[in-house]
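Presented below is the structure to which this report refers.
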Amino acid sequence: IEIYSLHVDCKVTSRFAHTVITSRIVNRANESQEATFEVELPKTAFITNFSMSIDGEVYPGIIKEKAAAQNKYDTAVSQGQSAGLVKITDRKLEQFHVSVSIAAASKVTFELTYEELLKRQLGKYELLIKVRPKQLVKHFQIDVHIFEPQGIQFLETDSTFMTNELTEALTKVQNETKAHILFKPTLDQQKKNSELDETLLNGDFVVRYDVKREATAGDIQIVNGYFVHYFAPQEMPTFPKNVIFVIDRSGSMTGRKIEQTKDALLKILQDLRPEDHFSFITFNNKVVEWKSSLLPATEENVASAAALVQTLTARGGTDISGALLAAVGVLDRAQGLPERSVSMIILLTDGQPTSGERNVEVIQENIRKAINGKYALFCLGFGFDVSYKFLEKMALSNGGVARRIYENADAALQLQGFYQEVATPILMQIEMQYPENSVEGLTKNNFKLFFEGSEIIVSGKISDELDLLPVEIKAQSHTSNLTLKEEANVKEKEQIFQNQRYIFGNFIERLWAYLNIQQLLEKAISAQEEDQEALEALALDLSLRYSFVTPLTSMVVTKPQQQEELANKPTEAG
């Protein structure tokens with residue numbers, strides 16, 4: 001079985017990435033064999049299309065409502081015919097895997113398309129392409145086109161497998177608003193050494209970039225009646241933070257996990273700013289408050305906290321509820337904190353609640369009542385013994401996010417990386433306002449916090465007769481209350497994309513649908529049951545209308561012998 005051609009074609013238009021992977025395979029044997037197509041794609045992406053063509057006959061993947069597809073499929077599984085096509089493989093990726101039997105001398109072409117909105121983190125966008133052909137490929141190429149009307153501020157490529165020879169196969173062409181990256185290694189360049197037919201191509205190929213920002217009220221782009229508004233203010237004063245670290249030291253944290261947690265905490269302590277206030281709560285079946293109040297992050301206090309961190313040992317049960325309520329209590333009692341400051345609780349745990357209150361629904365409700373919108377709660381789940389669903393619902397109900405920390409060698413870096421994302425709050429209570437009577441289908445437009453290096457994105461549909469789209473942003477900064485205004489000329493904005501020949505169709509409409517689905521699903525996690533159903537129904541409708549494989553839809557792939565397989569979207573919560 002020879003993969004004679006493998007093309008990755010990626011077009012990024014104003015942060016929206018559309019990637020097509022095409023693999024052409026021939027069976028050089030004189031009997032039929034299995035041909036396999038295996039692709040790793042970012043978890044944040046939605047698959048939108050898949051097809052196999054065998055000797056000219058095309059077998060398309062059909063996207064259906066998950067429940068309907070699943071029933072049919074479960075029958076096939078119980079008869080031993082099939083297994084799912086998509087599974088999570090690591091922190092950032094999931095794998096799509098399909099194989100099909102092809103006759104001697106036959107050819108098959110696999111084509112997979114997925115889309116995602118690139119998220120700005122720590123001042124850059126990252127496009128991740130996983131490269132693992134497992135054999136030498138005669139025609140191998142990665143083609144990335146980027147078009148950013150705001151202008152490209154910087155652009156870099158990075159890879160885990162580059163050698164000097166392979167670098168020669170990489171070309172980068174860039175002007176003010178466009179970039180083209182081509183990676184096209186010859187067979188010789190792909191080889192580990194000249195004797196063996198082993199490939200060097202195994203790992204990540206990453207493109208990172210950021211855009212130029214001039215307008216204070218962000219940047220608006222419009223195509224075919226849909227708009228997207230990007231807002232990422234720069235050079236704003238930072239809010240002082242009041243942060244409580246709630247750290248699990250139960251028995252299951254023993255060994256590498258507690259050591260990695262200590263490493264990360266020591267680095268994080270160094271990153272606190274003098275105007276920040278902080279404290280620690282550690283817990284197993286007992287909850288221990290390091291100090292009864294928050295302390296300013298002076299050198300002495302940080303040193304004294306570091307000494308405590310060094311002594312952490314792991315044993316006992318897990319009283320998550322008691323620890324979080326204690327943290328809320330410390331913030332509630334706190335005095336002398338800066339008037340304009342941001343208060344947050346960062347929970348790190350690796351298990352289920354086994355001590356104190358154990359009913360997760362009761363814990364969620366008690367914490368929500370105790371926090372009552374005053375503080376943001378971030379939940380980090382270490383490893384796979386945590387109930388991620390429980391942590392995710394608790395974080396999203398309290399203005400924060402949840403993140404799984406993977407038990408790898410880089411766990412300490414994952415923890416630090418997360419802290420850096422929330423370390424610099426520069427705006428709070430952000431409201432993005434648009435004219436109500438001429439904008440519909442608006443995505444989320446008010447945000448509790450904005451962190452330096454990230455980006456707020458709002459999208460919607462504008463009515464046909466609108467010539468000018470006025471926007472108004474209200475927010476609180478550390479020093480003042482802001483009101484920013486901007487007006488977009490609809491005709492002029494539409495013009496920008498008219499003459500871009502390589503752009504795929506109504507990309508802002510698809511971006512709007514993608515963002516809407518992500519937000520509806522996220523909202524459903526912390527909603528009451530009846531609201532949950534309504535939100536999921538809306539997300540399902542959009543998933544089907546725009547053909548996205550989301551947690552609510554399935555793609556049914558029918559193989560030549562009428563055998564059906566399903567591609568489902570895995571979620572972190574399983």
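When a/c reaches 1.5 or more, the comparison of a/b and b/c decides; with that in mind, is the stretch 375-461 rounded, prolate or oblate per its Cα gyration tensor?
Details: a/c = 2.65, a/b = 1.99, b/c = 1.34.
Here the stretch 375-461 falls in the prolate category.
Binning at 10 angstrom from zero up to the longest distance, how are the C-alpha pair distances of the stretch 199-242 distributed in percent?
For the stretch 199-242, the binned pair fractions read 17, 27, 26, 20, 9, 0 percent.
Report the rotationally averaged projected area of the stretch 136-231 based on its alpha-carbon convex hull, in square nanometres.
On the way: hull surface 31.7 nm².
Projected over every direction and averaged, the Cα hull of the stretch 136-231 covers 7.9 nm².
Treating only the Cβ of Lys, Arg, Asp and Glu as charged (+1, +1, -1, -1), what charge dipole size does the stretch 241-423 show about its Cα centre? Round to the nearest 20 debye. Intermediate results must be reported in sequence, preceding the final value.
Details: 20 positive and 21 negative charges, 56 e Å.
Approximately 260 debye in magnitude.
Counting other Cβ atoms within 10 Å, which GluC sites (Glu not before Pro) in the stretch 409-497 have at most 11 and lie in a DSSP loop? Before the final figure, lay out each step's value.
Details: sites: Glu421, Glu431, Glu436, Glu440, Glu452, Glu455, Glu465, Glu472, Glu486, Glu487, Glu492, Glu494; in loops: Glu452, Glu455, Glu465.
Those satisfying the criteria are Glu465.
Taking a probe of 1.4 angstrom, what is the accessible area of Thr186 in Å², to the nearest 10?
70 Å²
Please work out the ratio of the alpha-carbon Rg of the stretch 241-423 to 2.2 N^0.38 Å and round it to two decimals. Provide the component values of the computation, followed by the final result.
Numbers: Rg = 14.8 Å, N = 183, 2.2 N^0.38 = 15.9 Å.
Dividing the Cα radius of gyration by 2.2 N^0.38 Å gives 0.93.
Using 0.36 nm times the number of residues separating Val362 and Ser106, minus their current alpha carbon distance, what extension gain do you get?
Details: separation 256, 0.36 × 256 = 92.16 nm, distance 5.95 nm.
So the extension gain works out to 86.2 nm.
Going by average Cβ neighbours within 10 Å, how do the peptides 274-282, 286-294 rank, with the highest at the top? Working shown, then result.
Values: 274-282: 19.9, 286-294: 15.9.
Taking the mean over residues of other Cβ atoms within 10 Å, the ranking is 274-282, 286-294.
Let me spell out the model: positive unit charges on the Cβ of Lys and Arg, negative unit charges on the Cβ of Asp and Glu, origin at the Cα centre of the stretch 61-192. What dipole size does that give, in debye rounded to 20? Write out the running numbers ahead of the final one.
On the way: 19 positive and 16 negative charges, 81 e Å.
Charge dipole, the stretch 61-192, about its Cα centre: 400 debye, nearest 20.
Going through the cross-link list Lys134/Lys184; Lys124/Lys178; Lys124/Lys241; Lys523/Lys569; Lys241/Lys291; Lys267/Lys448, which pairs have a Cα-Cα distance over 20 Å in this structure?
Lys124/Lys241; Lys267/Lys448
Work out how much length Ala537 to Arg340 would gain on full extension: take 0.36 nm times their residue separation and subtract the Cα-Cα distance, in nm to one decimal. Don't skip to the end; give the middle numbers.
On the way: separation 197, 0.36 × 197 = 70.92 nm, distance 3.98 nm.
Result: 66.9 nm gained on full extension.
Using Cα pairs under 8 angstrom and six or more residues apart, how large is the relative contact order of the stretch 463-551, in percent?
On the way: 62 pairs, mean separation 15.7, N = 89.
RCO, the stretch 463-551: 18 percent.
With all distinct Cα pairs included, what does the Kirkwood hydrodynamic radius of the stretch 1-131 come out to in Å, to one decimal, could you say? Present the calculation step by step, with values, prior to reporting the outcome.
On the way: mean 1/r = 0.0608 Å⁻¹.
Hydrodynamic radius (Kirkwood, Cα only) of the stretch 1-131 equals 16.4 Å.
Counting alpha carbon pairs within less than 8 Å and at least 6 residues apart, what relative contact order, in whole percent, applies to the stretch 241-423?
Values: 344 pairs, mean separation 44.4, N = 183.
Averaging sequence separation for qualifying contacts and normalising by length gives 24 percent for the stretch 241-423.
At 222 nm, what value in deg cm²/dmol follows for the chain if DSSP H runs of at least 4 each add -39500 (n - 2.57) and the sum is divided by all its residues, to the nearest 500? Kindly include the intermediate steps, with their values, before the conclusion.
On the way: 12 runs with 142 residues, N = 574.
Roughly -7500 deg cm²/dmol at 222 nm, from the helical runs in the chain.
When the label point is put 7 Å from the Cα of Glu407 along its Cα-to-beta-carbon vector, which residues of the stretch 248-268 have a backbone N closer than 17 Å?
Flagged as within label range: 248-262.
Only Cα pairs under 8 Å and at least 6 apart count here; give the relative contact order of the chain as a rounded whole percent. Before the final figure, lay out each step's value.
Values: 1259 pairs, mean separation 97.7, N = 574.
Worked out over the chain, it gives 17 percent.
Using the Cβ atoms and a cut-off under 13 Å, what net charge is assigned to the surroundings of Glu472, where Lys and Arg are +1 and Asp and Glu are -1? Don't skip to the end; give the middle numbers.
Working: positive: Lys474, Lys485; negative: Glu431, Glu436, Glu486, Glu487.
It works out to a net charge of -2.
What nm value, rounded to one decimal, do you get for the distance between Arg256 and Glu168 when each label is placed 7 Å out toward the C-beta?
Spacing of the two 7 Å Cα→Cβ label points: 3.9 nm.
Around Leu155, under 10 Å between beta carbons, what's the net of Lys plus Arg minus Asp minus Glu among the other residues?
Charge balance near Leu155 sits at 0.
Once you place label points 7 Å from the Cα toward the Cβ at Glu31 and Lys87, how far apart are they in nm?
So the label points at Glu31 and Lys87 sit 2.8 nm apart.
Could you give the semi-axes, largest first, of the ellipsoid that matches the stretch 1-52, computed as the square roots of 5 times the alpha carbon gyration tensor eigenvalues and rounded to whole Å? Write down the numbers at each step before the final one.
On the way: eigenvalues 164, 26, 12 Å².
Over the Cα atoms of the stretch 1-52, the ellipsoid semi-axes are 29, 11, 8 Å.
Ignoring ligands, DNA and RNA, please state the percent of accessible area on the stretch 97-244 from carbon and sulfur, probe 1.4 Å.
Numbers: 2760 of 6220 Å².
Here carbon and sulfur together make up 44 percent of the probe-accessible area.
The values are calculated or read from the model by the stated rules, or taken from the named source; none is laboratory data. Note that the structure is predicted; figures quoted are calculated from it, not measured. Neighbour counts run over all protein chains shown; Cβ positions are idealised from the backbone, glycine included. Accessible surface areas use protein heavy atoms only, side chains included; no ligands, DNA or RNA. Shrake-Rupley method; radii C 1.70, N 1.55, O 1.52, S 1.80 Å.
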